[in-house]
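Some notes on the structure that comes next.
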Protein chains: 2
Amino acid sequence: MKIAVDAMGGDNAPQAIVEGVIQAAKENSQVQFQLYGDQEKVKACLTEDIDNIVVIHTSEKIESDDEPVKAIRQKKDASMVVAAKAVKEGKADALFSAGNTGGLLTAGLLIIGRIKGIDRPGLMPILPVIGQENRQFILMDVGANADCKPKNIHQFAILGSYYAKYVLHIDQPTVGLLNNGTEATKGNELMKAVYPLLEEDTSLNFTGNVEARDILNGVSDVIVTDGFTGNAVLKTIEGTAGTLLKLLKTNILAQGLSGKIGALLLKNTFKGLRNTLDYSQFGGAVLFGLKAPLVKAHGSSDKTSVYHALKQIETIVSSSVIKDLVTYFETTEQNSNEASH
Amino acid sequence: MKIAVDAMGGDNAPQAIVEGVIQAAKENSQVQFQLYGDQEKVKACLTEDIDNIVVIHTSEKIESDDEPVKAIRQKKDASMVVAAKAVKEGKADALFSAGNTGGLLTAGLLIIGRIKGIDRPGLMPILPVIGQENRQFILMDVGANADCKPKNIHQFAILGSYYAKYVLHIDQPTVGLLNNGTEATKGNELMKAVYPLLEEDTSLNFTGNVEARDILNGVSDVIVTDGFTGNAVLKTIEGTAGTLLKLLKTNILAQGLSGKIGALLLKNTFKGLRNTLDYSQFGGAVLFGLKAPLVKAHGSSDKTSVYHALKQIETIVSSSVIKDLVTYFETTEQNSNEASH
């Protein structure tokens, strides 16, 4: 297995990226890690000589404020672009980056390319079910497609179910449609059009509409929505959790427990909360629906987040999820073509 | 001033409704409170004889699972319907209910009616800015209009700004457009069309796009979005906060501090967090854009929430906000009619 790594993307690149790669490479010598980036800078972080790490020099990088489509088209020697091309050409099996999200989506679509039959790949983070250790759920799409057609959301449900089954090992994953009420008649025009598509697809374990207030409690394994709503929901979770942790700190300190007990409590409680909320331990967000896995870690990723995302990629590539998705969409496409003749 | 109160709406009706009314009535004898509902049940809760409370008997009620439009049309003697009619006929200045949200929206639109020039009133909760005491912000729309045109969201910005100015006493309230990025070019098709409308309206203090992760930190006084996204964001805030408080409790207890210190800390910290998060202290959600104020309290409201919502109504009615909005839209309408000639 070979993983193409954009060593220059992210706030802590290349340091955090290289460190995460070192950890993953030492753990699994069967995987080759290709570090794309400024040779000098990357090698300065590569403190050890490890057989299954190679460095491929690139002279440019996609900046975080670059206009995505333009940058991907023009910066032909950017680390992200060259790494994506390696995947396209079969020199690598998957792409990892913590860089410019828009750029990465563009590179995925224009360079790696979609699975035939999939109109729009979706961006899909793996989130923790709070209060149930080791249980995760998928929210999709969180921003790759601000405007969606009903068919796109139907495909997100198929994609998410495949991921949940093959990579999270959930048998018959439940699918919920994020909506403004649980009744079947609820929704805006888009969701009202999506509902019957999900209901009629017997390959899905569709359990109906779900509300945003229930998603962290594990109401469904796969929650589908358009990229605009999903983006707002994900950012609201992050914002509310962050604000509450800050408020909690203020409140605990205001109890006058600022001595040893207070400090200990603060440390332990925070650690518990943060660990539960920290979804980077489950890897990055997958741009799913491409011919090869593309995993995007948060821009602020540290070496541990990078490591987890790389382990996630290993799991995805080891499974036959992409191969089976290709077959599924080929068959579906063929069936619907035959039906229309 | 006269306030029409739907005494039968809400999980704790009529008990909690009547108790909230008693508290508000005692505090301000200048306001008449009209309790619409089952005479016998309402009077059983009315433990004191208070001059400025009157009971108007109604024989029906809108149930929480009633189909809104049908119920409002058919149950002509429902407490909510009769109370709304009293407002329409000028017998009362405003409507309060903790009942069926859909029913209330329907009653507002069909019975009380819109301000001329306003296409779609919006549902608007007043939320706390976390970490800044006594500062609130408005999120609009949170569910009255699942599908919105650009013009609707533009009008929410005007409505919200008026409310922030007249009722929350914020001078030149800032308006933010909830979007999937802060750059001016961001958004789905709808938000890209809304942006220039807000930018070109010099009566607004529009400060650009805002992201969902920043709204609880007070990034804007008035945050506008379509009713589907707003609903998802509000429910995500509620769900994340609720889940975190539960997790926090588990974590604090897991520290072994279950003795006196643990219990005290838990109690105080929780109280602080809950008070900060409890937006019912700022009143209910206003369906704003109608000819008279309509305030919807949460179905689970207790007497204190009812009391706060009634005080909110007093503030709205005491201000000239509705009158001035009517004038604004009459003038704007006239101007645009003249411009089109």
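Label-point spacing for B:THR315 across the identical copies (point 7 Å from Cα in the Cβ direction), in nm and ascending order: 4.9.
Helical runs assigned H by DSSP (4 residues or longer) give chain A a calculated mean residue ellipticity at 222 nm of -14500 deg cm²/dmol, each run adding -39500 (n - 2.57) before division by the residue total.
Here the Karplus relation 6.51 cos²θ - 1.76 cosθ + 1.60, evaluated at θ = phi - 60°, turns the backbone of region A:193-210 into coupling constants of 7, 6, 3, x, 4, 6, 5, 7, 7, 6, 6, 9, 9, 7, 10, x, 6, 10 Hz, with x for every Gly and Pro. With label points set 7 Å from Cα along Cα→Cβ, the inter-copy distances at A:GLU330 are 7.1 nm, sorted shortest first.
Classification of chain A by its C-alpha gyration tensor yields an oblate form. The axis ratio a/c (a ≥ b ≥ c) is 1.5 or more, and b/c is at least a/b. Cα convex hull, region A:52-100: 83 Å³ per residue, rounded to a whole number. Over the C-alpha trace of region B:49-176, radius of gyration and Dmax come out as 16.8, 50 angstrom. With the highest mean first, a sort of the peptides A:311-317, A:200-206 on other beta-carbon atoms found within 10 angstrom per residue produces A:311-317, A:200-206.
Once C-alpha pairs closer than 8 Å and six or more residues apart are averaged by separation and normalised to the residue number of region A:41-94, the relative contact order reads 27 percent. Projecting the Cα positions of A:ALA164, B:LEU244, B:ASN152 onto the charge dipole of the protein assembly as shown (unit charges on Cβ atoms of Lys, Arg, Asp and Glu, taken about the Cα centre) puts B:LEU244 furthest along the positive direction.
Sorting A:169-178, B:319-328, B:45-54 by average packing, meaning the other beta carbons within 10 Å per residue, from highest down gives A:169-178, B:319-328, B:45-54. Scoring A:62-73, B:106-117 by mean Cβ neighbours within 10 Å over their residues and listing the highest first yields B:106-117, A:62-73.
Reported to the nearest whole Å, the Cα centre-to-centre distance from region A:28-78 to region A:208-224 is 37.
Note on A:LYS85: lysines with a C-alpha under 21 Å away, same-chain residues under 8 apart excluded, are A:LYS2, A:LYS61, A:LYS70, A:LYS75, A:LYS76, A:LYS116, A:LYS291, A:LYS296, A:LYS323. Is the C-alpha gyration tensor of the protein assembly as shown telling us rounded, prolate or oblate? Criteria: a/c under 1.5 is rounded; beyond that, a/b larger than b/c is prolate, otherwise oblate. Prolate. Let me know the whole percent of all Cα-Cα pairs from region B:135-225 that are separated by more than 17 Å. Roughly 42 percent, rounded to a whole number. Annotation: amide H-H contacts under 5 Å for B:VAL129 (H modelled 1.01 Å from N, sequence separation of 5 or more, or interchain): B:ARG135, B:GLN136, B:PHE137. Just want to confirm a number: the relative contact order over chain A, from Cα pairs under 8 angstrom separated by 6+ residues, in percent. Over chain A, the number comes to 22 percent. Take each residue of peptide A:221-233, count the partner chain Cβ atoms within 10 Å of its Cβ, and average: the result is 5. How high is the relative contact order of region B:73-174? Use alpha-carbon pairs under 8 Å, at least six apart in sequence, and give a whole percent. Reported as a whole number, the value is 17 percent.
Where a number appears in this text, it was derived from the coordinates with a stated rule and is not lab data. The structure displayed is predicted, hence computed values, not measured ones. No Cβ is skipped: glycine too gets one built from the backbone with ideal geometry, and neighbour counts run over all protein chains shown.
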